[in-house]
């Protein structure tokens, strides 16, 4: 392994010394070079110290992607405090509960954000940089990279997210893995020459924090692309940059496929477009290569396992039905229910190592969520490895519902509904929806009299708004599989038929 | 002096100041020379699609350089452009197009319309496609024969369509130049216009047009998911001019720093659309920019009155005085003029007034063109100093979250319940959603609250459902039987505050 940095902020200072005029970040009209970026991070480290933020403190961020956000994030890392990116979509109650649960005492928030109870909320308005203008010096912690943490929040079970911790060291190791992978796959000597990393999703999604660290480590240029209401605007923003590197979701890929020209490429300017965070069909991947950019790749990963496999552009022609192979230094296995390793070709649960992140707090009680056991990460996916070592994914270990970008775990909603005394049985499934990705549909078997409004009220007080069922169907019984588990496929067909009947 | 065809301005600037920037979108900046070349080619492109003079053409696109080029090219060939809501469903777009006899609709690349009208997709590489064409296909129609259609919001079914000529747009531009002269709005090079909302809303289109008529530059931001990004965009440029909505003003006030202006570099901002509360207007000049105007206008006339920054301290509860060129009358329901201080129907006479409704639109509406007068459909009074005070608007639009809710739709749905004798719906400012829907209900006999909630859930979409329902003995009304919305709103606000505290 090569020598690496200790602190997430170190690469910025390294580039400030060696290539001070190289552009680090572009945000709207502003272009900030590494010299000035490092200077802002140093000033912000003093500002944080003056605010009384200490090494080891957990600091929350409730900000859209801006230069000021990046400056603060790296300054928090620099003083040895822990970065926790929060969701700007969450309501104040959830945020207050999250802060209390994970001991986040300071939150940097947009100036117009509503107040969150129980935390010290520091507004970061349009003129935040005036706050650090007069500061001088630099306040870097002496703690080593394996002691410094970042906390990632993922969608949790009761509306409060669950938390994972990663060390700064792991971030750098992951960056190295990606760079090595790209060096091999794309023959890139260096990432930094003229590459524009497009940051188009909130930093609370861990891949994007990785992307920022990777880019800073390489000394490339980050372009902040705001969130838009329509993907057509995202496409315009993507098409505007030369030598672009970006990460997108499968839905964005599908949009690109729909609008791609019959001849030529939709995004000829792309150096690398990687998709992840959900499955793409083999023909979709081949379509991306043929009509969007020849530099298309897919990655598969999880919070605990980090990057698990990757599929390069060259492999798309033969292996588009897989998610690729593990990167250098990583191992994956397929195991049966009892943890026995299965031979290639046999389907079972995926597990991988090394570990990337560790859970903060208890492992969740719901079966089918990602878990860490005996040094292995189980992302709760089902699949098999073929003879060449490529991973074929078959589905989620438990049905995960993806509604409006949020991952919702059906059993947690089932648990809440089932706790109502007048509910005998319940099954919750995700049904494809043209507007939401998936809708949450609950099938309920009543136990005596149950008013629908009463059940809706019951759910509203116990579930976060994005977890409330979109539809509830009442049935006399639920179709079951042999193991007494609800037959989700059958329920899905029932729900689809019922929805079609109602809208038609 | 005026150009016959509004697109001529672009070609004139291309000759006079070819390298001056015209349109900026992200890292792309086009000069007047480039824009003129693209509009000329786009006119040939449209001809190739079989689009010609007097054909009504729908445009369902987000703001972009390509959208602006398409719009001016349609005007150039003498077609009648009609902006449609980009967020409408395919079915609704086709229904609107059929209702207004549109020959085709331009949509974003990914949209698939159901059958019923010709669809042209504006593909991502449209400008490159245009590069292969040459020539210019300008119509010879005169400024009174060249039309555009503006669709007013109608969230139930069909929007209303208003026809306006190129000459009327020119008059509106002149009026705008006169009103905002004190802030050099159109003094060359005309400041930096930031286009903060879709040009399908008349005011935003008018500001874009004005900027192009004077050869100024327009920044076209994308449709940001987070409104704060728009605030950052406005703050990022020098000498900004812009039209903003009441909800944007509320965000500006919330985001303003203590003891300093949010937009110290702004040349002038005008708010319009829905009215602001007097305190909000005062906060705008104190905390956001001292160069803040409020305008009152509707799609049929563009602008009726305007409140200048210097008038805000004393007259914030009004929407200012009628602008030059507009005569305002307050009349009762039999069109008899009312004395100073009395509330009644507003009517106007002006060269700014549109031709009228599209011929096929004879719906009963409060907004009317008759006997040489234009009735915006609003209730107001003129005070002794000539300031106009509003009491509610015909387009009772409530902006709940990202959705526009049309108040009368909600009222009608609630009133349909047999145990409801009378109902009214108002929007009140909400710290999180822009505005929230509040309903006032007069019961007929017994009516369980739960029952009414169930009814609302059955007949209304989620954004339409009232956040709160208040039961009262009778709805407050002003002379002539019109609902007193101002009183309902203050009732709703005081109730909301009591609950919040």
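Looking at A:72, A:48, A:40, A:32, can you tell me which residue is assigned to a helix (DSSP H, G or I), within 28 Å of residue B:225 (Cα to Cα), modelled with pLDDT of 95 or more and over 24 Å from the mean Cα position of the chain (by Cα)? Unique residue meeting the criteria: A:40. Checked across region A:368-378, the condition of being under 23 Å from residue A:161 (Cα atoms) and modelled with pLDDT under 70 holds for at least one residue.
Residues in region A:272-296 that are modelled with pLDDT of 90 or more and not in a helix (DSSP H, G or I): A:272, A:273, A:274, A:275, A:293, A:294, A:295, A:296. Taking region B:464-475 as the search range and keeping residues that are closer than 12 Å to residue B:407 by Cα and away from chain A (no Cβ under 14 Å), which one is surrounded by the fewest Cβ atoms within 10 Å (Cβ to Cβ)? Per the stated criteria, the residue is B:464. Output the number of residues of region B:429-463 satisfying the condition of being within 13 Å of chain A (Cβ to nearest Cβ) and farther than 26 Å from residue A:466 by Cα. Residues in region B:429-463 being within 13 Å of chain A (Cβ to nearest Cβ) and farther than 26 Å from residue A:466 by Cα: 1 in total.
Inside region B:264-290, can you point out the residues that are crowded, with 21+ Cβ neighbours inside 10 Å and under 27 Å from residue B:165 (Cα atoms)? Passing the criteria: B:269, B:270, B:271, B:272, B:273. Of the residues making up region B:112-121, those that are more than 9 Å from chain A (Cβ to nearest Cβ) and either closer than 16 Å to residue A:262 by Cα or in contact (Cβ under 8 Å) with a residue 24 or more places away in the chain (or both) are B:114, B:117, B:120. Among the residues of region B:128-146, the one identified as in a helix (DSSP H, G or I) and modelled with pLDDT of 95 or more is B:130.
Listed here are the residues, each with its yes/no results for (1) surrounded by fewer than 16 Cβ atoms within 10 Å (Cβ to Cβ); (2) in a strand (DSSP E or B); (3) touching a strand residue (DSSP E or B) at 6+ places or on another chain (Cβ under 7 Å); (4) within 14 Å of chain B (Cβ to nearest Cβ).
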site: A:114; (1), (2), (3), (4): yes, no, no, yes
site: A:126; (1), (2), (3), (4): no, no, no, yes
site: A:130; (1), (2), (3), (4): yes, no, no, yes
site: A:137; (1), (2), (3), (4): yes, no, no, no
site: A:142; (1), (2), (3), (4): yes, no, no, no
site: A:151; (1), (2), (3), (4): no, yes, yes, no
site: A:164; (1), (2), (3), (4): no, yes, yes, no
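Going by what's in this entry, would residue A:61 be described as in contact with a strand residue (DSSP E or B) (Cβ under 6 Å, 6 or more places away or on another chain), more than 14 Å from chain B (Cβ to nearest Cβ) and part of a strand (DSSP E or B)? Judged against the criteria, residue A:61 is a match.
When we screen B:150, B:107 for residues that are farther than 30 Å from residue B:238 by Cα, away from chain A (no Cβ under 14 Å) and under 22 Å from the mean Cα position of the chain (by Cα), the only hit is B:150. Take residue B:196 and tell me if it is surrounded by 21 or more Cβ atoms within 10 Å (Cβ to Cβ), in contact with a helix residue (DSSP H, G or I) (Cβ under 8 Å, 6 or more places away or on another chain) and within 14 Å of another protein chain (Cβ to nearest Cβ). It is true that residue B:196 is surrounded by 21 or more Cβ atoms within 10 Å (Cβ to Cβ), in contact with a helix residue (DSSP H, G or I) (Cβ under 8 Å, 6 or more places away or on another chain) and within 14 Å of another protein chain (Cβ to nearest Cβ).
Residue A:199 falls short of the stated requirement of being under 21 Å from residue A:70 (Cα atoms), away from chain B (no Cβ under 14 Å), modelled with pLDDT of 85 or more and under 21 Å from the mean Cα position of the chain (by Cα). Of the listed requirements (1) surrounded by 15 or more Cβ atoms within 10 Å (Cβ to Cβ); (2) assigned to a helix (DSSP H, G or I), residue B:447 misses just one: (2).
Of note, residue B:14 does not satisfy the criterion of being within 29 Å of residue B:234 (Cα to Cα) and under 27 Å from the mean Cα position of the chain (by Cα). When the criteria are applied in full, residue B:119 meets the requirement of being assigned to a strand (DSSP E or B) and more than 16 Å from residue B:198 (Cβ to Cβ).
The rows are residues; the columns are (1) away from chain A (no Cβ under 14 Å); (2) surrounded by fewer than 24 Cβ atoms within 10 Å (Cβ to Cβ); (3) touching a strand residue (DSSP E or B) at 6+ places or on another chain (Cβ under 7 Å); (4) under 16 Å from residue B:25 (Cα atoms).
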{"residue": "B:165", "(1), (2), (3), (4)": "yes, yes, yes, no"}
{"residue": "B:168", "(1), (2), (3), (4)": "yes, yes, no, no"}
{"residue": "B:176", "(1), (2), (3), (4)": "yes, no, no, no"}
{"residue": "B:219", "(1), (2), (3), (4)": "no, yes, yes, yes"}
{"residue": "B:224", "(1), (2), (3), (4)": "no, yes, yes, yes"}
{"residue": "B:228", "(1), (2), (3), (4)": "no, yes, yes, no"}
{"residue": "B:236", "(1), (2), (3), (4)": "no, yes, no, yes"}
{"residue": "B:239", "(1), (2), (3), (4)": "no, yes, yes, no"}
{"residue": "B:255", "(1), (2), (3), (4)": "no, yes, no, no"}
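Among the strands (runs of 3 or more DSSP E) confined to region B:326-428, the ones with at least 2 residues that are modelled with pLDDT under 90 are located at B:344-350, B:368-370, B:379-382, B:397-400, B:403-406.
Given the conditions (1) assigned to a loop (DSSP other than H, G, I, E, B); (2) crowded, with 21+ Cβ neighbours inside 10 Å; (3) assigned by TED's automatic domain parsing to the domain that holds residue B:168, which single one is not true for residue B:293? Of the numbered conditions (1) assigned to a loop (DSSP other than H, G, I, E, B); (2) crowded, with 21+ Cβ neighbours inside 10 Å; (3) assigned by TED's automatic domain parsing to the domain that holds residue B:168, the odd one out for residue B:293 is (1). Filtering region B:264-283 for residues that are facing another protein chain (nearest Cβ under 9 Å), touching a helix residue (DSSP H, G or I) at 6+ places or on another chain (Cβ under 8 Å) and either free of Cβ contacts under 8 Å to residues at least 60 places away in the same chain or farther than 17 Å from residue B:320 by Cβ (or both) leaves an empty set. Restricting A:454, A:412 to those that are crowded, with 18+ Cβ neighbours inside 10 Å and not in a loop (DSSP other than H, G, I, E, B) reduces the list to A:412. Just a yes or no: is a residue in region A:462-474 buried (at least 18 other Cβ atoms within 10 Å of the Cβ), in a strand (DSSP E or B) and within 32 Å of the chain's Cα centre (by Cα)? Yes, there is a match, as at least one residue in region A:462-474 is buried (at least 18 other Cβ atoms within 10 Å of the Cβ), in a strand (DSSP E or B) and within 32 Å of the chain's Cα centre (by Cα). Would you say residue B:97 is within 23 Å of residue B:173 (Cβ to Cβ) and in a helix (DSSP H, G or I)? No: the conditions fail for residue B:97.
Among the residues of region A:209-265, what is the count of those that are at the interface with another protein chain (Cβ under 8 Å from one of its Cβ atoms), farther than 20 Å from residue A:292 by Cα and free of Cβ contacts under 8 Å to residues at least 60 places away in the same chain? Final tally of qualifying residues: 2.
When B:49, B:38 are checked against the criterion of being touching a residue at least 24 places away in the same chain (Cβ under 8 Å) and surrounded by fewer than 21 Cβ atoms within 10 Å (Cβ to Cβ), B:49 stands alone in meeting it.
The values are calculated or read from the model by the stated rules, or taken from the named source; none is laboratory data. If you're wondering where the values come from, they're calculated on a predicted model, not measured in any experiment. Note that each Cβ is placed from the backbone with ideal geometry, even for glycine, and that neighbours are counted across all protein chains shown.
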